[in-house]
Each structure stands twice: as C-alpha cells, then as structure tokens.
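Shown next, in structure tokens, is the structure this report addresses.
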Amino acid sequence: MKVYFVGAGPGAADLITLRGARLLGSVEMVLYAGSLVPTEMLTHCRAGAEIIDTAKLDLEQQQACYVRAQEMDIDVVRLHSGDPAIYGATAEQMRRLDALGIAYEVVPGVSSFTAAAAAIGAELTKPEVSQSVILTRVSGRASAVPELESIARLAEHRATMCIFLSGPHLKKIVGDLSLHYPQDTPVRLVYRATWPEQKIYQGTLGTVLEDTKRGEWNLTTMMLVGAALDKDVAVESSLYSKDFTHLFRVVKKNKAEAAS
C-alpha cells in the first residue's frame, strides 16, 4: 500500500503530469482538495474509484482514510493543487504516514506561479535585471509568515516576486513593496490561472490600487511584480549569441580576431 501526493497543477485538467494522470487512473481511493482542485481533474480517475473531497475534513479524518486504505491494502492518490512542495500542507501528512509505517511518494506538478507567468507571456528572469524569483505570501489565519520573511523585507532585493493568495491584501502588499520598488515597476495580477474564469490585470505598482476595486480580486490571485516583467527591457542572454562559446557550441574565430 502506498500514498501518492500528486500535484494537480494550476487548474486546467490537461496540465497535470502524465505520471499524475496515470496514477489517478490506477488507484482505488482518491483524496482531493475540492476547494482548490476543479472537478474536471477527476476525469482522470478510474471508474468506481472512491473519491473523497477533503475540503471539510480535518487532518485526523484524512488520516483515518489512509488507515482504512492500509487495512484494505490499496494505493491512494492525495491530489493537491499546484505543486505539493509549495504551500501544500503535505509535511504534516507525511509525518503521520511515517508514524503509521505507510510508504509515500511525491509527484510534482505545475505551480500556479509558473502558470501565471505563462498566462501573461512573461519570463520571470532576465540577465542583468533579475536572476532571482521570490515565492511568498502574506500571513493568514492558518499559518503566519515569519517576520524575517515579511514582504517589506523581501522587497529590499527588488527581485521578481510572486505573491500567492494576494487578492484580499493588495493595499498592504503595495504599501510594503513601495518601500523599495519604484512606482513604475510592472505589476500583474492573475486570478485562477488556466481556469475558465481566469482574469488578468496588467499595470504598475503605482496604478494597481487605483485600477482595481476592493474585493474584486479573490484569494486565489497571484501577484507578480518586478522589472523583469517589462517587455520593453530587452537585455538578452549570451547563451545563444553567435559569438558565445560553450561546451556544445564552439565559435571559431579568424586569425585577426584571435590576435586581437
């Protein structure tokens, strides 16, 4: 018996990995986060599988499902939104499975931050502009963010920042970012990336509050901010330059160039 923590991806049913879809179609029990994973994803499940929505279950009730599956000697898929490694609440489940002697495996998925970048057609890193991506969120009732990781402190780096669950907290987030980012820094909001109801806002740190209404952007909104999002910034990597030599492509120089 084994539990598979499978990343469902950002929402679209065809963005789950091939491995994840194959496992969904093979197991007899599926636990999924109904508040975050669209029901269309369940089309990958085998006919007759027991499908359990965990939205209303506490951790002990979910553990009871694993124990029951252990007694039946059947494999389980625990379907999480995005990638299980990011805000997946998987660590506490793994500790309980370890205590029960139940084996488990993690199958990664497409994260909502990369889906949001794809939705706006942006690369999050650009040479000489930003080579780092910060993934973070604001403190919530379920889990607090350590003070050393506050948005105000992380903003000092002025790297590309992807802020999960940002919708209801735009005013505070913009205030914290404005301590370090210029007001003309590009800002993108992506609500439910890849879902049918996806919507996008494109503006700047100085315009986002003026352009959006309070309550208009729900909890499942990803905020992307940083100079790398500016498509007019045209700094290019040397990797594919015709003059750049690397392990797989050697640029031959003529004698005059070699001498200089």
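The values are calculated or read from the model by the stated rules, or taken from the named source; none is laboratory data. Here the structure is a predicted model, which is why all the values come from computation and not from measurement. Here the Cβ positions follow ideal geometry from the backbone for every residue, glycine too, while neighbour counts run over all protein chains shown. Just so you know, the surface numbers come from the protein's heavy atoms only, side chains and all, with ligands and any DNA or RNA stripped out. Shrake-Rupley method; radii C 1.70, N 1.55, O 1.52, S 1.80 Å.
Being free of Cβ contacts under 8 Å to residues at least 60 places away in the same chain, open to solvent by 60 Å² or more (accessible area, probe 1.4 Å) and of a type outside the set (S, T, N, Q) holds for only one residue in 100, 135, and it is 135.
Taking the condition of a type in the set (S, T, N, Q), at pLDDT 95 or above and closer than 21 Å to residue 193 by Cα, does residue 35 pass? Against the criterion (of a type in the set (S, T, N, Q), at pLDDT 95 or above and closer than 21 Å to residue 193 by Cα), residue 35 does not qualify.
Okay, residues lined up against (1) out of contact with any Lys or Arg (no Cβ under 6 Å at 6 or more places or on another chain); (2) open to solvent by less than 70 Å² (accessible area, probe 1.4 Å); (3) in a helix (DSSP H, G or I):
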position	(1), (2), (3)
14	yes, no, yes
20	yes, yes, yes
52	yes, yes, no
67	yes, yes, yes
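The listed residues are 86, 74, and the only one of them that is among the β-branched types (Val, Ile, Thr), outside any helix (DSSP H, G or I) and within 19 Å of residue 1 (Cβ to Cβ) turns out to be 74.
One residue stands out in segment 22-50 among those that are over 23 Å from residue 67 (Cβ atoms) and of a type in the set (S, T, N, Q): the one that is most open to solvent (accessible area, probe 1.4 Å), namely 43. Within segment 192-215, track down each residue that is in contact (Cβ under 8 Å) with a residue 40 or more places away in the chain, surrounded by fewer than 20 Cβ atoms within 10 Å (Cβ to Cβ) and within 30 Å of residue 41 (Cα to Cα). Of everything in segment 192-215, those that are in contact (Cβ under 8 Å) with a residue 40 or more places away in the chain, surrounded by fewer than 20 Cβ atoms within 10 Å (Cβ to Cβ) and within 30 Å of residue 41 (Cα to Cα) turn out to be 195, 198, 200, 202, 215.
Residues of segment 156-167 include at least one that is assigned to a helix (DSSP H, G or I) and at pLDDT below 95.
Contact annotation: residue pairs with Cβ atoms under 7 Å, 6 or more positions apart or on different chains, pairing a residue in segment 178-191 that is touching a residue at least 24 places away in the same chain (Cβ under 8 Å) with a partner that is open to solvent by 10 Å² or more (accessible area, probe 1.4 Å) and of a type in the set (Phe, Trp, Tyr), are 188/201; 189/201; 189/217; 191/217. If you go through segment 138-155 and keep only what is β-branched (Val, Ile, Thr) and either open to solvent by 80 Å² or more (accessible area, probe 1.4 Å) or over 21 Å from residue 185 (Cβ atoms) (or both), you end up with just 145. If you check residue 158 against the conditions, is it surrounded by 17 or more Cβ atoms within 10 Å (Cβ to Cβ), under 17 Å from the mean Cα position of the chain (by Cα) and of a type in the set (Lys, Arg)? No, not satisfied. Only a single item in (1) modelled with pLDDT of 95 or more; (2) within 24 Å of residue 14 (Cβ to Cβ); (3) of a type outside the set (Asp, Glu) is not met by residue 220, and it is number (1).
Looking at 108, 84, which is the one that is open to solvent by less than 40 Å² (accessible area, probe 1.4 Å), within 13 Å of the chain's Cα centre (by Cα) and touching a residue at least 60 places away in the same chain (Cβ under 8 Å)?
84
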